[in-house]
Amino acid sequence: MKRARLLAGALTLVVLATGAVAAATRQAPGPARFVTDERGRTLLLHGFNTASSAKSTSDAMPELTEADVEREYRDMGTNFVRFLLQWRAVEPRPGVYDSEYLDKVAERISWYAERGYHVLLDMHQDLWGPGITPTAVAGNGAPAWATHLDGLPVAQDHWTWEMYYLEPGVIRAFDHFWNTTGEHPELMEHYAGAWRAVAERFKDEPAVLGYDLMNEPWGGSVQGAAFESGPLAELYRRCVERIRAVDNDTWIFLEPQAVGVNWGLPSALPAIADPREGEPRIGLAPHLYPLPLDLGEGYEGGSREWTDRTLGWWKENTLRAADRIGGPIILGEFGLDMTKPGAEDLVERVLDLGDELGMGRAYWSRDPGPWGPYSEKGEPGPLVAVMNRAYPRAIGGVPYRIEAGERRLTVGFEANGSGPTEIYLPADEYPNGGKVTGGTGVWDAARRVLTVQTPAQGRVELVVTPA
Ligand code: 9MR
């Protein structure tokens with residue numbers, strides 16, 4: 001499988017060659033921008049979305065225990081979680097914020113914090129909210145009091161969940177939120193206020209790295225560039241303003257509209273000013289769901305060809321959007337049914353792309369089942385071995401090369417004196433830890449982390465192989 005990774009890498013070069021030629025003739029990619037920790041080290045974020053189950057539990061908590069977090073670290077050495085929040089739980093009544101809910105979120109964050117994870121809080125929604133049907137058969141996120149369907153229908157016989165987005169009642173609920181109807185200007189204000197409440201609660205929690213303002217925005221009857229540069233940008237401006245009133249430091253991540261952009265099409269999201277003191281801390285958190293895979297195909301044959309082309313567009317278009325936004329990229333979601341042919345290859349390809357771009361990534365999702373790392377019975381599936389790979393958790397400078405080959409990890413960076421580089425090494429490839437050239441390593445067998453001291457300045461290239 002690790003050999004397949006190298007092969008896939010070679011194939012990527014061939015497949016992307018046409019894209020690369022096109023890219024060279026267009027706008028050059030801007031300066032590399034990365035998420036940094038409090039010491040200024042570059043973070044490579046590697047983990048999961050946790051969890052889809054939070055959408056429908058009555059207290060909006062994911063079905064997750066502290067032991068599950070411990071097991072995730074033992075099995076895969078992750079350092080990152082995109083943690084799902086629900087607006088309905090933050091603000092159950094207009095203007096009333098639920099501190100018990102935020103306490104429960106804080107408790108879960110502490111499980112991650114104790115293990116050195118970084119947390120991205122994601123205000124999740126799909127299909128507006130549970131109020132789109134009388135029995136909450138679909139939809140999560142928005143509270144019932146913010147759901148205005150005007151009596152328009154929402155049929156319930158869809159073969160895939162995304163089709164609910166096309167229902168007249170769902171479109172109307174979004175049109176009211178974005179104030180396209182001119183009837184509910186208060187809704188966006190409430191949403192921004194809910195973010196302020198979350199920021200007020202978590203601004204001093206060092207494990208909380210960022211806020212992902214809205215999951216997979218949907219424009220209702222305003223779509224594409226008109227939506228992204230209009231009401232979506234307006235929502236983001238208001239959220240940024242309200243968050244920054246209480247929290248100067250936490251990163252803020254923006255999602256493009258989901259439809260089309262998740263399939264690799266360009267986003268028109270404009271730059272949003274960051275009023276914080278110091279360098280702006282606003283980044284881009286797009287999703288990646290190549291259309292054939294989204295429709296349930298495996299990564300093989302014609303679907304594989306199409307998906308490879310998608311990866312090429314997605315990369316170019318995402319780099320361009322991140323350059324415009326002026327910040328780092330976190331791939332907030334990618335994932336597929338791991339029982340489909342080629343699924344492991346696809347995940348490896350995306351992780352390789354993450355290394356190449358120095359891009360954080362969160363797999364969708366941590367929930368048990370065919371997409372996730374574990375089965376309903378808790379048995380590890382094929383995803384565990386793919387996610388359990390060597391990577392630099394933190395880098396003492398600005399990276400120019402991260403490459404995970406078979407039993408060999410290369411990490412090249414311009415050192416900036418921010419501290420040691422920390423490298424996670426999986427047990428299958430590095431049973432006795434790693435030896436390193438380019439720096440001096442100390443192996444922590446319990447955490448499976450190699451901490452490498454390097455010169456504080458100049459170009460550093462670390463090559464790690466099994467000890
Ligand atoms: O995998 C999730 C599926 O079980 C739910 O029915 C659906 C609707 O809530 O959401 C799926 O998760 C999606 C996520 O919320 C947003 N991005 C795409 C994910 C996969 O379709």
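The values are calculated or read from the model by the stated rules, or taken from the named source; none is laboratory data. Every value quoted in this text rests on a predicted model; they were computed, and no experiment measured them. Every residue, glycine as well, gets a Cβ built from its backbone with ideal geometry; the counts of neighbours run over all protein chains shown. When the accessible area is computed, the model is the full protein with side chains, heavy atoms only, and any ligands, DNA or RNA have been set aside. Shrake-Rupley method; radii C 1.70, N 1.55, O 1.52, S 1.80 Å.
Within the stretch 255-294, the set of residues being part of a loop (DSSP other than H, G, I, E, B), closer than 18 Å to Leu353 by Cβ and either touching a helix residue (DSSP H, G or I) at 6+ places or on another chain (Cβ under 6 Å) or among the hydroxyl-bearing types (Ser, Thr, Tyr) (or both) comprises Gly264, Pro266, Ser267, Pro286, Leu288, Tyr289, Pro290.
Of the residues that sit in the stretch 31-79 and are within 16 Å of the ligand (Cβ to nearest atom) and among the charged types (D, E, K, R), which one is nearest to the chain's Cα centre (by Cα)? Top of the filtered list is Lys55.
The single condition among (1) within 16 Å of the ligand (Cβ to nearest atom); (2) surrounded by 15 or more Cβ atoms within 10 Å (Cβ to Cβ) that Val137 does not meet is (2). Pairing residues of the stretch 282-295 that are in the same structural domain as Asp247 (by TED's automatic domain parsing) with residues that are of a type in the set (Lys, Arg) and open to solvent by 10 Å² or more (accessible area, probe 1.4 Å), at Cβ distances under 8 Å and at least 6 apart in sequence or on separate chains, gives Gly283/Arg33; Leu293/Lys340. Within the stretch 341-357, none of the residues are in a loop (DSSP other than H, G, I, E, B), open to solvent by less than 10 Å² (accessible area, probe 1.4 Å), closer than 24 Å to Glu70 by Cα and within 16 Å of the ligand (Cβ to nearest atom).
Residues in the stretch 358-395 that are within 16 Å of the ligand (Cβ to nearest atom) and under 20 Å from Tyr299 (Cα atoms): Arg361, Ala362, Tyr363, Trp364, Ser365, Gly369, Pro370, Trp371, Gly372, Pro373, Gly381, Leu383.
The selection criterion, being within 16 Å of the ligand (Cβ to nearest atom), polar (S, T, N, Q), free of Cβ contacts under 8 Å to residues at least 24 places away in the same chain and closer than 28 Å to Arg366 by Cα, does not hold for Gln125.
Among the listed residues His190, His184, identify the single one that is buried (at least 17 other Cβ atoms within 10 Å of the Cβ), assigned to a helix (DSSP H, G or I) and in the same structural domain as Gln257 (by TED's automatic domain parsing).
His190
So that you can scan it fast, the table gives a plain yes or no per residue for (1) closer than 30 Å to Val137 by Cβ; (2) in contact (Cβ under 8 Å) with a residue 40 or more places away in the chain:
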| position | (1), (2) |
| --- | --- |
| Phe177 | yes, yes |
| Leu187 | yes, yes |
| Trp195 | yes, yes |
| Glu200 | no, yes |
| Arg244 | no, no |
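Report yes if some residue within the stretch 361-372 is outside any loop (DSSP other than H, G, I, E, B), surrounded by fewer than 21 Cβ atoms within 10 Å (Cβ to Cβ) and modelled with pLDDT of 95 or more; otherwise report no. The answer is no; no qualifying residue exists.
Residues checked against (1) closer than 23 Å to Leu336 by Cα; (2) open to solvent by 10 Å² or more (accessible area, probe 1.4 Å); (3) within 16 Å of the ligand (Cβ to nearest atom):
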| site | (1), (2), (3) |
| --- | --- |
| Trp251 | no, yes, no |
| Gly260 | yes, no, yes |
| Gly264 | yes, no, yes |
| Leu295 | yes, yes, yes |
| Trp313 | yes, yes, no |
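Let's see how each residue does on (1) outside the structural domain of Tyr117 (by TED's automatic domain parsing); (2) within 20 Å of the chain's Cα centre (by Cα):
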residue: Glu344; (1), (2): no, yes
residue: Val347; (1), (2): no, yes
residue: Glu356; (1), (2): no, yes
residue: Arg366; (1), (2): no, yes
residue: Gly378; (1), (2): no, no
residue: Phe413; (1), (2): yes, no
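Looking only at the stretch 412-451, residues that are open to solvent by 10 Å² or more (accessible area, probe 1.4 Å) and assigned to a strand (DSSP E or B) come to 13 in all.
In this structure, Ala142 does satisfy being among the small types (Gly, Ala, Ser), within 16 Å of the ligand (Cβ to nearest atom) and either open to solvent by less than 30 Å² (accessible area, probe 1.4 Å) or not assigned by TED's automatic domain parsing to the domain that holds Ile109 (or both). When Ser303 is tested against the conditions (1) closer than 22 Å to Leu121 by Cα; (2) open to solvent by less than 30 Å² (accessible area, probe 1.4 Å), the lone failure is (1). Scanning the stretch 195-232 for residues that are under 21 Å from the mean Cα position of the chain (by Cα) and either closer than 20 Å to Asp175 by Cβ or in a loop (DSSP other than H, G, I, E, B) (or both) yields a count of 13.
The set of residues in the stretch 70-103 being loosely packed, with under 15 Cβ neighbours inside 10 Å and either basic (Lys, Arg) or under 19 Å from Thr57 (Cβ atoms) (or both) consists of Arg74, Arg93, Ser99, Glu100, Asp103.
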